[in-house]
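The values are calculated or read from the model by the stated rules, or taken from the named source; none is laboratory data. Quick caveat, the model's predicted, so the values are computed rather than measured. Ideal geometry is used to build each Cβ from the backbone, glycine not excepted, and the neighbour counts take in all protein chains shown. These area figures cover heavy atoms from the full protein model, side chains too; ligands, DNA and RNA do not enter into them. Shrake-Rupley method; radii C 1.70, N 1.55, O 1.52, S 1.80 Å.
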Amino acid sequence: MRSVVQLMIHGLLLAALLAVTAEARSPAMPLDEGWQYRWGDSPIAANGVPEWTLDALESPNWSNIDFPSNPPDRASRQNAWFRTVLPEENWWDPVLYIYSVDLITEVYLDGERIYHYGTFDDQGHGRFVGWPWHMIPLPEGFGGKPIYFRVWSNYSDIGLWGEVTLTNRQDLILTQLSRSAESLVVSGFSLMIALLTLLFAGVDRRRSGFADISLFAFASGLMILSGSPASQLLWDQPLVWDYIGAGSYYCLPIAIALLLEQWLPMSRQSIVRCVWQLHLVYLVGALGFSALGLVNLSTTFPVFDVLLLGTLAVLFTVVARDIRRVTLEQRVLIAVFALYSILLIIDMAVAHSFLPWRLVPLSWGGLAFTIVATLVALQRYRQAQRDLIHLNESLERKVEERTRALEALSYEDTLTGLKNRRYFNEFYEREVAIAQRNNTPLSLIMADLDHFKAFNDRFGHEAGDKALQIVAEAIRRHFRETDIGCRYGGEEFVIILPGCRAEDTAKLTERLLADIRQTPVLHQGRNLGRLSLSAGIAAWPEHGGHPEELLTLADQALYRAKGLGRDRACLHAASTTIEREDG
């Protein structure tokens with residue numbers, strides 16, 4: 001409980017800090033005058049530049065418009081161009097901010113495309129890819145120059161929509177975060193409660209509604225998050241966020257109907273069951289048909305709004321008849337849902353122009369629900385305490401058993417930190433199969449520490465362990481994360497290099513050998529001298545008809561390197577010796 005309260009306090013402090021920061025910043029410059037438009041699409045010159053971007057500002061082909069959206073006499077037109085002259089101002093890291101575009105656009109300045117959202121085909125058409133806000137970087141010297149917007153839309157609206165301003169990148173990002181602060185806090189609370197109630201749902205086997213509360217909280221939190229400007233900063237996938245928002249919105253009546261189904265008398269459950277099943281069919285159908293391209297995702301919202309109004313009327317009629325039979329906590333949840341439903345209805349009326357535009361506090365309705373759901377979850381905590389204790393004891397036993405099992409099956413060499421021979425055998429078998437199946441290169445290095453027995457006898461086993469660790473550290477430095485270095489046994493090492501050919505493997509090997517011969521062994525304050533390695537290299541398909549032969553071929557090349565005087569590497573192909581980089 002204390003951590004939950006602390007998180008809420010931190011979130012509210014973040015919201016307040018962002019709000020204060022937004023007030024302290026210099027205001028952005030709205031571009032709300034001097035716009036022109038032109039219906040149709042521009043011919044493309046041989047150099048790929050649209051010819052209309054070369055028109056003079058006094059060209060009669062362009063008409064004035066108050067705002068670059070929905071020019072008159074559209075009829076069935078789907079292509080339009082808009083332009084305006086950017087102001088002469090000194091900006092640091094300037095960007096052009098657009099609240100939204102219907103539906104896709106390309107932006108040109110000085111005959112060059114500086115931004116695009118969506119893809120135009122050869123006919124100048126495209127497809128819906130979501131409704132994000134846009135941040136268009138502007139190059140140096142943009143002041144006083146015309147900027148052009150190529151737009152395509154088969155939607156009811158065409159052009160830019162909402163706010164169009166000139167600002168700094170940092171200011172825009174801070175503004176969007178400030179605008180999103182409240183939504184992020186409320187969304188975070190909802191998702192946190194969703195996880196909490198989902199945990200209780202897994203513990204409480206009496207089906208007390210935790211799973212349904214969790215579904216409602218998840219849907220409410222994701223809907224608020226997907227609609228906030230910060231969602232695009234978190235993950236720049238506008239169409240995905242639109243699908244998340246639609247799916248979350250369509251889930252709300254499903255969750256509340258599931259809650260009512262288990263709370264109401266048996267005579268009413270069939271009605272409520274039909275309600276959530278109908279909405280489930282609509283959810284799957286609307287998102288499925290939209291994903292298949294059979295319908296536009298935006299057209300599914302008005303139909304759902306009508307369906308939701310009917311659903312709310314049915315649910316509240318059923319609830320009103322049985323309100324005296326439910327518990328106090330259930331009444332509180334129903335009351336909060338009623339408040340949330342009123343806010344949803346007001347928001348729908350604004351969206352469909354039945355009410356003048358205003359900011360509807362949907363996030364506060366979601367916050368009220370999350371707080372009530374938190375209190376319900378905490379009240380049920382005592383009832384689930386025994387089950388949680390037993391579950392924790394069982395999990396601890398399983399963790400101890402798994403830990404012991406993992407220790408017995410460890411794949412790591414404790415001295416060097418490299419993988420051991422057991423791991424090598426399994427990894428090598430897998431990489432051989434992958435190389436064969438995908439016909440990709442595979443290389444292998446066998447390396448042996450020269451005169452290691454004499455070094456051990458002279459300086460002791462602890463010094464020998466230090467020498468092995470130096471080699472292991474060098475292997476980790478010189479090879480890729482995808483390469484696997486193993487201690488094969490004693491002073492012998494093996495390295496697997498998936499996707500690496502013989503030539504590149506040889507270069508890496510020589511660098512490893514050069515590093516070893518230049519690194520002194522420092523042990524207990526003494527310099528014990530330097531080491532050297534001998535190495536053999538084999539690569540598939542260069543050196544063998546089958547990748548399983550690489551281990552044998554690399555071992556043969558290693559013995560060749562030792563026979564030639566050690567401190568060198570040999571390729572298997574005729575056991576060619578690699579010349580040192582230092583000459």
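Which residues, counting only those in the range 294-310, are in contact (Cβ under 8 Å) with a residue 12 or more places away in the chain and under 29 Å from the mean Cα position of the chain (by Cα)?
Once the filter is applied, which keeps residues that are in contact (Cβ under 8 Å) with a residue 12 or more places away in the chain and under 29 Å from the mean Cα position of the chain (by Cα), the range 294-310 yields 296, 297, 298, 300, 301, 304.
From the residues in the range 435-455 that are open to solvent by less than 20 Å² (accessible area, probe 1.4 Å) and of a type in the set (A, V, I, L, M, F, W, C), which one is farthest from residue 548 (Cα to Cα)?
449
Search the range 231-287 for residues being open to solvent by 30 Å² or more (accessible area, probe 1.4 Å) and charged (D, E, K, R), and hand back the single one that is modelled with the lowest pLDDT.
Per the criteria, the residue is 268.
Kindly provide the set of residues from the range 435-451 that are part of a helix (DSSP H, G or I) and within 13 Å of residue 500 (Cα to Cα), ordered by number.
At the first step, the residues of the range 435-451 found to be part of a helix (DSSP H, G or I) are 435-438.
Across the range 435-451, the qualifying residue is only 435.
Residue pairs, Cβ under 8 Å, 6 or more apart or interchain, first in the range 49-70 and over 18 Å from residue 153 (Cβ atoms) and open to solvent by less than 20 Å² (accessible area, probe 1.4 Å), second of a type in the set (Asp, Glu) and not in a helix (DSSP H, G or I). List them.
Taking only residues 6 or more apart or on different chains, the pairs are 62/55.
Enumerate the pairs (first residue in the range 172-198 and touching a residue at least 24 places away in the same chain (Cβ under 8 Å); second residue anywhere and open to solvent by 10 Å² or more (accessible area, probe 1.4 Å) and among the charged types (D, E, K, R)) with beta-carbon separation below 7 Å, excluding pairs fewer than 6 apart on the same chain, so at least 6 apart or on different chains.
174/25
Give the residue, chosen from 87, 94, that is over 20 Å from residue 68 (Cα atoms) and either touching a Leu at 6+ places or on another chain (Cβ under 9 Å) or open to solvent by 60 Å² or more (accessible area, probe 1.4 Å) (or both). Spell out the reasoning first.
Values: 87 fails: over 20 Å from residue 68 (Cα atoms).
Residue meeting the stated conditions: 94.
Going by the structure shown, is residue 212 among the acidic types (Asp, Glu), modelled with pLDDT under 85 and surrounded by 22 or more Cβ atoms within 10 Å (Cβ to Cβ)?
Details: among the acidic types (Asp, Glu): yes; modelled with pLDDT under 85: yes; surrounded by 22 or more Cβ atoms within 10 Å (Cβ to Cβ): yes.
It is true that residue 212 is among the acidic types (Asp, Glu), modelled with pLDDT under 85 and surrounded by 22 or more Cβ atoms within 10 Å (Cβ to Cβ).
Quick one: how many residues across the range 97-116 are open to solvent by less than 30 Å² (accessible area, probe 1.4 Å) and in contact with a Pro (Cβ under 9 Å, 6 or more places away or on another chain)?
Residues that pass the stated criteria total 6.
Can you tell me how many residues in the range 71-92 are closer than 30 Å to residue 173 by Cα and modelled with pLDDT of 90 or more? Break it down into steps so the answer makes sense when it comes.
Let us first name the residues in the range 71-92 that are closer than 30 Å to residue 173 by Cα, namely 80-92.
Going one step further and asking which of them are modelled with pLDDT of 90 or more, we end up with 80-87.
Going through the range 71-92 one residue at a time, the tally reaches 8.
Taking strands (runs of 3 or more DSSP E) that fall entirely within the range 132-208, which contain at least 3 residues that are open to solvent by less than 20 Å² (accessible area, probe 1.4 Å) and modelled with pLDDT of 85 or more?
Working: elements: 134-137, 146-152, 159-168.
Counting at least 3 such residues, we get 146-152, 159-168.
Does the range 110-128 contain any residue that is β-branched (Val, Ile, Thr), modelled with pLDDT of 90 or more and not in a loop (DSSP other than H, G, I, E, B)?
Residues of the range 110-128 that are β-branched (Val, Ile, Thr), as a first pass: 114, 119.
If we keep only those that are modelled with pLDDT of 90 or more as well, we get 114, 119.
Now drop any that are not not in a loop (DSSP other than H, G, I, E, B), which leaves 114.
Within the range 110-128, one or more residues are β-branched (Val, Ile, Thr), modelled with pLDDT of 90 or more and not in a loop (DSSP other than H, G, I, E, B).
Got at least one residue in the range 311-320 being modelled with pLDDT of 80 or more, within 33 Å of the chain's Cα centre (by Cα) and aliphatic (A, V, I, L, M)?
Within the range 311-320 (the criterion being modelled with pLDDT of 80 or more, within 33 Å of the chain's Cα centre (by Cα) and aliphatic (A, V, I, L, M)), the answer is no, since none of the residues qualifies.
Among 328, 333, which is under 37 Å from the mean Cα position of the chain (by Cα) and over 20 Å from residue 242 (Cα atoms)?
Values: 328 fails: under 37 Å from the mean Cα position of the chain (by Cα).
Just a single option satisfies the conditions, and that option is 333.
Please count how many residues of the range 229-262 are over 16 Å from residue 214 (Cα atoms), in a helix (DSSP H, G or I) and among the hydrophobic types (A, V, I, L, M, F, W, C). Before the answer, list the steps.
Of the residues in the range 229-262, the ones over 16 Å from residue 214 (Cα atoms) are 229-246.
Cutting the leftovers down to in a helix (DSSP H, G or I) gives us 230-234, 238-246.
The next check asks that each one be among the hydrophobic types (A, V, I, L, M, F, W, C); those that pass are 230, 233-234, 239-241, 244, 246.
Total meeting the criteria: 8.
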